[in-house]
Each structure stands twice: as structure tokens, then as C-alpha cells.
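Enquirer: A single structure is presented below for examination.
The values are calculated or read from the model by the stated rules, or taken from the named source; none is laboratory data. Note that this is a predicted model, so its numbers are computed, not measured. With ideal geometry, Cβ positions are generated from the backbone for all residues, glycine too; neighbour counts draw on all protein chains shown.
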Amino acid sequence: MRIGRIAPLLAVGVTATLVPALAPAQASAAEPLKRFANQKPAWHRCDASQPAAFQCATIDVPLDYSRPDAKTIKLAVSRIRTTVPAKRHGAILFNPGGPGGEGLDMPVMMKDTMPKEVRDQYDLIGFDPRGVGRSSPLTCGLTAGEQAFEHPYRPETFSHDVKWARTVADKCRARNGDRLAYFTTRNTARDMDVIRAVLGERKISYLGYSYGTYLGAVFAQMFPQRADRIVLDSAVDPARVWRGMIQVWAEGSEPAFTRWTKWTAQRDRTYRLGNTPAKVKKTFWDLIARADRTPIDEGGEKLTGDDIRARLRTEIFSPKAAAAAVVNLKKAADGHAPSGRSLVPDDRQETRRPGSAAVQPPDDNGSVVFWTVVCGDTAAWPRDPEQYRHDAIRDKAKYPLYGDFGSNITPCAFWDKPAEPVTTVDNTVGVLTVQNQWDSQTSLVSGLGMHHALKGSRMVYVKGGEGHGVYSEDPRACANRTVNAYLSSGRLPAADVTCKPSGRRNPGVNPRITPAPQHTPQTPRF
């Protein structure tokens, strides 16, 4: 069953709820939403293992904002209030990325990241977006195999890829029905405005990583008068949601691969992979071909050439890490015990969630939310499987490392049409964007796309910066100083800022936009 388009009058969500000078018709239409804005959350300690100041609550939001008197869903919200009320500026909301990233514990993480002089000005607010974690979590009953999202194109396996994509879409439709259409970025932005209203704030500040940058930009587009101090770290290009953002992983990896070959060739005495970029490149592709013939046993797992291409894509953005990984693979292929960095992830680390250990989301929750949002946000997905075949063949030639992965078929080919059009982001709200030059997930071209779309934005560009996620607790870092100055004063830099890398990686936040299972060693972090 297809879902009709939401009425334009109510597409602004709850903004109209608290604006005093409304036209009578607007006020009448907004009246059913007032009960959501007027909720009084029952704040309580999130968990005995967490600080007492870390509080959680649950609020109700409409499943469908065009029918606020119909079904509702639960949102899990958290907070750490400022201990210096006299310095309080307002509340700042966080999102770690995704779609599918849990944000309930973000106040605890950001308490250690933000300097005290900034933290004192804000109540730190976290939430699990709709469908995620403890906020009416979605599931499709997907198996671990059905959650595996990286499918290289091969003629002999393409029919299986099509079957996988159709199976995921069919299982999600069968399990969730019409309600699936309302778990979108636009509705999560509306939920953010309900959170703002429930907190009693006229405006709300925001810090979002990765997918969270797109969520923040959509919020600013839909509720410009509610946006206070907005920081978007490692940005999604709003013009490329969402197939284009998966394809950008391939596009961005090629210059990173070229950089890696040059860097490694200059250090041939250390890595012995070749003393020219061409020789390093040949060593790499020879290893890929060898693994395709005979999978390489590394860490007890057999890795094919396709496996290595997929896993090295993110490593390539850090030349030192990539060189060490390739050296280890060569050793393993030659029957020697590798040492150092492995491409086989460690699955022993558990995800910490605030609240009762007995209340955990389904194992497929992260994967399901990813596909639900990226398929439900936009209709710009080809419906013909042959289009995906054509594009995968084309992009494998154009972007050899990952092009066929990025353009292969996904469940979106068989998803129901979206309930609303995709959001056009072109506002003039004052926003600070932050971007590393060598970001593996939201590459520089993506960050620039967001910066250009937001007409009132300033960019902090870390030239030579590696990794996904810039803002961290390093007080010496140029980018962090700029972000903290903006969050403290509300004044954007007079012009874009170019920084040098601080030399330290961000250990506190792992932003993500990938559809990986939450409880398997495949889960990529950025």
C-alpha cells in the first residue's frame, strides 16, 4: 500500500504550535500538536552504573504528523543539566550519525569532549531517533546474512544480490506495513522540535556528526526560527541523498588510494611494497587477484579479494594504517603469522546503552533503520535491477577499489515510495560545518556540498586531517577551538577557517552512516 503525501500545511511539524501570532486556520490545524509540546517528562536516573546527573525520560510523538490524533510512538530522551545555572545559554541536542545510530548516551560522551567553559552554558541532550534503540525500535527479523550490506558486483552473483535486496524490502514491509513510511529524516527533525518544546526552549542548539549533519540541516530547513547554534561535523551532501552518498564512498576512495601509493612508495625501506607508486599499486592489485584465487587466512577468517577491497576502503584514508594492513595480508598470504593491524574486526566489544540491560533493541535494528531512512527519504532510487547492474559495471571500471560495491543493487529498489518529497536544503541559517580533508565516509566533496547548500554557513576545513569526525576533546586543535568559540559566543567566524591537523584522533564519538549490523564484527565506525 502506498502512503499519500503529507498535507503542506502540516509539513512544518510542530513549529506552528508555539508561534504566537498565527492565522486562525494555522492555529486550528496546529491545535492537536499542543499536547505533545506540553508533555512533562518523568526524568529519572538512566542507570545505576551511570552518573546520577545523567537522566532519562520517555516522551510521545505522532507516528504521522499529518494525523497527530492517531498513532503515537515513544522517544527515549536523556540529559545532563548544567551545574552553573547562571551561565546557562540553553540546551544542545546531539546526534552521533547513522541512520540508525543510538544517541541516548551522547550527553555522557560529550561531557568529556566539551571544555567546561562551553559545557557550563548548556543542558546536554541526547535521544535515540525514532525507530532506533529504545525509541520504538524497528525490526524486520533480518538474519545476519541479510544484514550484510556490501555486495560486490559479479555477473555470476548479481541474481543473488537482487534476491537479497528484494527479500530485505519484503520482510520489512511484511513486519511493519504502512508505518515504515514515517521513519524518515523529516519526521525525526519534527521530533527534535517536539523535544525542544518539551524542554521549554524557544530555540535549540545542535551538534551532529555524519548522518547527523543531514538531520541538522533538514531541521534548520524546516524550523529555521528554532535553530540556535548549529555545528555539523563531517557532512553529508544534501544534494546526493541517498544513493549518491553511498556512491561517494567509491568516488572519495580513489584519490585516497593514489595518495597512499605515493606515501608508501616513499617508505619502501619500511614496508617493502614498492619504491614507486606504480609498483605499490601493482603489489596491491596482485594481492587482490591472489586472494580471489585463494582466500587469505587472516585472524582465522578467509578473506577474498572482494573482502579486502571492502575493508581496506576506509583504511586507505590513513596511509600508515593501510600500509601496515597490506603488509600483514602479504605475510598471511605467504603463510607467515601477521603482526600488528588486522582487517578482521574484534567482535568482543559490546555496545553500551544506558538503561536496563534487559531492554535492548533487536539485533537487526541498526540495519533496518538505515534502509528505512535512506529508502524512505527520497524517491531517487532506480527501480530496474538492470540499472544497478549497468552502474556497477561502469563504476567498477571508474573507481576500481569500491565502485561496484557503491553502485550495486540495494533494498531501496523494491521499497515503497516515500510519503514526502526529499528535503531541499538551501537555507541561510548560520551554521558551522567541520570537515577533514581525508574523511573516509563523508569525503571532502560531500562536506563542500553541504557548505555550499547552506548559504549562511562557515566551514572549518582541516587540511591534511584524517578520519571521520573532527570535533574532540583536544584543547590544542584549531578546529576544536573554532567550534568551542562558536558554541560559547554564537558568533560564526568572519570567513571560512583552514586548520592543520592536531595529530590526535577523536576517541569519544564514532559517527556513522553505514547499514551495518549492531552486534557483528562487521560494524564499521567513523
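Enquirer: Yes or no: G465 out of contact with any helix residue (DSSP H, G or I) (no Cβ under 8 Å at 6 or more places or on another chain) and not charged (D, E, K, R)? Quick ask: steps written out before the conclusion?
Expert: Numbers: out of contact with any helix residue (DSSP H, G or I) (no Cβ under 8 Å at 6 or more places or on another chain): no; not charged (D, E, K, R): yes.
The answer is no for G465.
Enquirer: In addition: Mind telling me which of the residues A397, A413 ends up being surrounded by fewer than 24 Cβ atoms within 10 Å (Cβ to Cβ) and in contact (Cβ under 8 Å) with a residue 40 or more places away in the chain? Give the derivation first.
Expert: Working: A397 fails: in contact (Cβ under 8 Å) with a residue 40 or more places away in the chain.
Just one listed residue meets the conditions, A413.
Enquirer: Any idea which of (1) assigned by TED's automatic domain parsing to the domain that holds I316; (2) part of a loop (DSSP other than H, G, I, E, B) is the one A235 doesn't satisfy?
Expert: In the conditions (1) assigned by TED's automatic domain parsing to the domain that holds I316; (2) part of a loop (DSSP other than H, G, I, E, B), A235 misses (1) alone.
Yes/no matrix, rows are residues, columns are (1) hydroxyl-bearing (S, T, Y); (2) modelled with pLDDT under 75:
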position: A16; (1), (2): no, yes
position: F36; (1), (2): no, no
position: K40; (1), (2): no, no
position: D47; (1), (2): no, no
position: A52; (1), (2): no, no
position: Q55; (1), (2): no, no
position: V61; (1), (2): no, no
position: Y65; (1), (2): yes, no
position: D69; (1), (2): no, no
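Enquirer: Which of the residues spanning segment 300-317 are in a loop (DSSP other than H, G, I, E, B) and surrounded by 20 or more Cβ atoms within 10 Å (Cβ to Cβ)?
Expert: The first filter runs over segment 300-317 and keeps only residues in a loop (DSSP other than H, G, I, E, B), leaving 300, 304, 316-317.
Scanning segment 300-317 gives I316, F317.
Enquirer: Please go through segment 59-114 and give me each residue that is outside any strand (DSSP E or B) and of a type in the set (S, T, Y), ordered by number. Break it down into steps so the answer makes sense when it comes.
Expert: Narrowing segment 59-114 to residues outside any strand (DSSP E or B): 63-71, 81-89, 96, 98-114.
Within segment 59-114, Y65, S66, T82, T83, T113 qualify.
Enquirer: Please go through segment 238-264 and give me each residue that is among the aliphatic types (A, V, I, L, M) and not in a helix (DSSP H, G or I), ordered by number.
Expert: V241 - this is the single residue of segment 238-264 that is among the aliphatic types (A, V, I, L, M) and not in a helix (DSSP H, G or I).
Enquirer: Can you tell me which of G208, G212 is in a strand (DSSP E or B), of a type in the set (G, A, S) and crowded, with 22+ Cβ neighbours inside 10 Å? If you could, list the steps in order and put the result at the bottom.
Expert: Working: G212 fails: in a strand (DSSP E or B).
Matching residue, one of G208, G212: G208.
Enquirer: Could you grab me the full set of residues in segment 37-87 that are under 22 Å from E420 (Cα atoms) and hydrophobic (A, V, I, L, M, F, W, C)?
Expert: Hits for segment 37-87 are V61, L63, A70, I73, L75.
For every residue, the table says whether it meets (1) in contact with a Leu (Cβ under 6 Å, 6 or more places away or on another chain); (2) outside the structural domain of G490 (by TED's automatic domain parsing); (3) touching a residue at least 60 places away in the same chain (Cβ under 8 Å); (4) not small (G, A, S).
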site: A48; (1), (2), (3), (4): no, no, no, no
site: L63; (1), (2), (3), (4): no, no, yes, yes
site: T82; (1), (2), (3), (4): no, no, no, yes
site: L93; (1), (2), (3), (4): no, no, yes, yes
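Enquirer: Now for a different question. Among the residues of segment 115-136, which ones are part of a loop (DSSP other than H, G, I, E, B) and either crowded, with 23+ Cβ neighbours inside 10 Å or without any contact (Cβ under 8 Å) to a residue 12 or more places away in the chain (or both)?
Expert: Keep residues of segment 115-136 that are part of a loop (DSSP other than H, G, I, E, B), which gives 115, 120-121, 128-136.
Of everything in segment 115-136, those that are part of a loop (DSSP other than H, G, I, E, B) and either crowded, with 23+ Cβ neighbours inside 10 Å or without any contact (Cβ under 8 Å) to a residue 12 or more places away in the chain (or both) turn out to be D128, P129, R130, G131, V132, G133, R134, S135.
Enquirer: Report whether or not Q360 is in a helix (DSSP H, G or I) and without any contact (Cβ under 8 Å) to a residue 12 or more places away in the chain. Let's see the steps before the verdict.
Expert: Numbers: in a helix (DSSP H, G or I): no; without any contact (Cβ under 8 Å) to a residue 12 or more places away in the chain: yes.
No: the conditions fail for Q360.
Enquirer: Still on this model: Out of S49, S78, I need the residue that is surrounded by fewer than 22 Cβ atoms within 10 Å (Cβ to Cβ) and hydroxyl-bearing (S, T, Y). Which one?
Expert: Result of the check over S49, S78: S49.
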